[in-house]
1. Quick one: what pairs do we get from the range 27-38, first residue over 19 Å from residue 78 (Cα atoms), second open to solvent by 10 Å² or more (accessible area, probe 1.4 Å), C-beta under 6 Å, 6+ apart or different chains?
2. Would it be correct to say that residue 99 is open to solvent by 30 Å² or more (accessible area, probe 1.4 Å) and either over 23 Å from residue 4 (Cα atoms) or modelled with pLDDT of 95 or more (or both)?
3. Could you tell me whether residue 57 is among the aliphatic types (A, V, I, L, M), out of contact with any Pro (no Cβ under 7 Å at 6 or more places or on another chain), surrounded by 16 or more Cβ atoms within 10 Å (Cβ to Cβ) and not in a loop (DSSP other than H, G, I, E, B)?
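The values are calculated or read from the model by the stated rules, or taken from the named source; none is laboratory data. Quantities reported herein were computed from a predicted structural model and do not represent experimental measurements. We place every Cβ from the backbone using ideal geometry, glycine too, and count neighbours over all the protein chains shown. The area values use the complete protein model at the heavy-atom level, side chains included, leaving out ligands, DNA and RNA. Shrake-Rupley method; radii C 1.70, N 1.55, O 1.52, S 1.80 Å.
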Amino acid sequence: MEQNVPLVRRFSKLEPYQEAYTLVCSLEPTGPGCWLSVSRTMARDGSADAARAWVPAPQEECARLLRFLYENSVQPELWRDAISNWYPQTAAAEVLREGGASCEL
């Protein structure tokens, strides 16, 4: 397995369609799964949006999923929804890890 290096993609300003920004995707192995993270930083003012999700899968599988999300430029607003297509338990795990109550009582 290659070293966990953030995947970085820079987007150009294409008026009037898109502002210039940088998308960074990363993976952090933690026991029986991995945290997958994304951050989008706008070039004009440095503001950033981020999201992360815990995926209960081996590191190699998480790395493939991260590569897919990166190559398809999945944005922070869609990050958790995209991951939960393959790992539905991710949405419930996020609620529990953030201190909320699970809907499955």
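1. 28/35; 29/59; 33/54; 33/56
2. Yes: the conditions hold for residue 99.
3. It is false that residue 57 is among the aliphatic types (A, V, I, L, M), out of contact with any Pro (no Cβ under 7 Å at 6 or more places or on another chain), surrounded by 16 or more Cβ atoms within 10 Å (Cβ to Cβ) and not in a loop (DSSP other than H, G, I, E, B).
For (1) at pLDDT below 95; (2) in a helix (DSSP H, G or I); (3) open to solvent by 30 Å² or more (accessible area, probe 1.4 Å), each residue gets a yes or a no:
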position: 4; (1), (2), (3): yes, no, yes
position: 9; (1), (2), (3): no, no, yes
position: 28; (1), (2), (3): no, no, yes
position: 63; (1), (2), (3): no, yes, no
position: 67; (1), (2), (3): no, yes, yes
